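Notes for the one structure printed next.
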Amino acid sequence: MIVQLREKGISAELYPENAKINKQFTYAEKKGIKNLVFLGEEEIKNKTVTYKNLEAGEQKTVSLEEFLND
């Protein structure tokens, strides 16, 4: 997914360790990251992604195909 996002000119990175979500949010805030994408067990199973806009506080779950084609 990261490669596909980068091919579209979207900066993307993977959190470097297995950590609790709050630690990941803090990391994103410190780096000025505005959008997070969650790809956990449920998302993988259902072929979806959940993404959150940290500035607006909006969160949405969509199909993986829809996400990569937007």
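The values are calculated or read from the model by the stated rules, or taken from the named source; none is laboratory data. Note that the structure is a prediction, hence the values are computed from the model and not measured. All Cβ positions, even for glycine, are placed from backbone atoms using ideal geometry, and neighbour counts span all protein chains on display. Remember, those area values only see protein heavy atoms, side chains included, never the ligands or the DNA or RNA. Shrake-Rupley method; radii C 1.70, N 1.55, O 1.52, S 1.80 Å.
What to note about this one:
- Helix 21-31 and the long axis of the chain differ in direction by around 80°, with both axes built from C-alpha atoms.
- The convex hull of the Cα atoms of the chain, projected and averaged over all directions, covers 4.9 nm².
- All aspartates and glutamates inside 14 Å of residue 34 as judged from Cα atoms, apart from same-chain residues fewer than 8 positions distant: 13, 55, 58
- Averaged per residue, the range 5-70 has 81 square angstrom of accessible surface, using a 1.4 angstrom probe with ligands and nucleic acids left out.
- Most to least packed among 36-49, 6-19 [average Cβ atoms within 10 Å]: 36-49, 6-19
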